[in-house]
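Working notes for the structure below.
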Amino acid sequence: MVRDDWPEVASLIYKGTNHWYQSHGMNAIFTGAVEDTELFCEVYEDLDPGCCILAVEQSSQRIAGSCFFHPRETHISLGIMNVHPDAMGQKIASRLLAHITSMADDQHKPVRLVSSALNLDSFSLYTRAGFTPCTAYQDMMLNVPKAGIDHAPSGLNRVRNATLADVSKMVALEMELNQIAREKDFRYFIENKSGIWHVSVYENDTGDLDGFLVSVQHAASNMLGPGVTRTDQQAVALIHAELNYNRGRSPVFLIPVAHSELVKTMYQWGARNCEIHFAQVRGDWATSNGVVMPTFMPETG
């Protein structure tokens, strides 16, 4: 992908994603202007220049498919992939995927992704390519009152806004709990040059971090994550802080289904389920310790 491709790729993301959900009896994911989805091009090119591959029809030069990927110190993450509705059945997705898995094999790195449990086509695409589902997540949405969430969980006094001095501690914590590294992501979120990111950290008595959580506010993506914490209680405090940063909005966030007490608390606050996703890995995988909250913007974990 080059800069001139951005409008067409954004249109493909918008129309391809909405077509799948609407053709399966669900609501559209993107409801604003098509141009809003240029967010994916902007953020992903900021983080990983040149890391989007395209499938282009030779006769018309129309973009028939696109896939972003994110090389990191410990792995390669697969970002958003789309195929034009008119180009279905041509094995475009499998060919895009093969390009990235081949690259990962050359670098001896695992490939990680988060995929919809509702989309059996994509589930089959990934499992046929050697991916293994490792963790299930409940996608939850909460309409945050303009006055904010009035529940005050324990540990809230430990939560503060992140600074650049926290980056190395965030990297160390995620490596300990989730065995991956992505330092430049955390620096990018905290620098927040685009004005759409916010980061909270959970600081313990010794000045070290026991958790962090990011959120993004944009017309094309309003989510909490990525984030990791040692305990459910720390996750609750960070979620509370980031939800209140999103007062009057309806952010989506992913909660690991195995953390039933955390899920129960979200229900008590008024959250509702909107989808199920699987974390999948092709290659080495280590069980995560603590609470891991992935996101779709950006999908670098």
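Points to keep in mind about this one:
- Lys/Arg +1, Asp/Glu -1 at C-beta; the chain dipole; positive extreme among Ala147, Pro71, Asn246: Ala147
- Within the range 72-88: backbone nitrogen closer than 17 Å to the Ser23 label point (7 Å, Cα to C-beta): 81-88
- Relative contact order, percent, the range 3-111 [alpha-carbon distance under 8 Å, six or more residues apart]: 22 percent
- Amide H partners (placed H, <5 Å) of Thr231, local residues excluded: Val291
- Label-point separation, Arg249 to Arg95 (7 Å along Cα→Cβ), nm: 3.8 nm
- The range 9-107: trypsin sites (Lys or Arg not before Pro) in DSSP loop, at most 10 other beta carbons within 10 Å: none
- Note on Arg187 and Gln268: with the Förster distance fixed at 35 Å, the Cβ-Cβ geometry gives a FRET efficiency of about 0.50.
- Helix-only arithmetic for the chain: the sum of -39500 (n - 2.57) across DSSP H runs with n ≥ 4, divided by the residue total, places the mean residue ellipticity at 222 nm at -10000 deg cm²/dmol.
- Cα centre as origin, Lys/Arg/Asp/Glu Cβ charges: the range 184-230 dipole, Debye: 280 debye
- Net charge over other residues, Cβ less than 11 angstrom from the Cβ of Tyr14 (K, R count +1; D, E count -1): -3
- Charges were assigned to the Cβ only: +1 to each Lys and Arg, -1 to each Asp and Glu. The resulting dipole of the range 139-293 about its Cα centre is roughly 480 debye.
- Counting only Cβ charges, +1 for Lys and Arg and -1 for Asp and Glu, the dipole size of the range 3-111 around its Cα centre is about 480 debye.
- Fraction of beta bridges assigned by DSSP in the range 3-111 that are antiparallel (%, nearest 5): 90 percent
- For the chain, the antiparallel share of DSSP beta bridges with both residues in that region comes to about 95%.
- Taking the chain and dividing mean pair separation by its residue count, relative contact order in percent (alpha carbons under 8 Å, at least six apart): 23 percent
Values quoted throughout were computed directly from the atomic coordinates according to the rules given, and no laboratory measurement underlies them. Worth saying up front: this structure is predicted, and the values here are computed from it rather than measured. Glycine also receives a Cβ, built like all others from the backbone with ideal geometry; neighbour counts cover every protein chain displayed.
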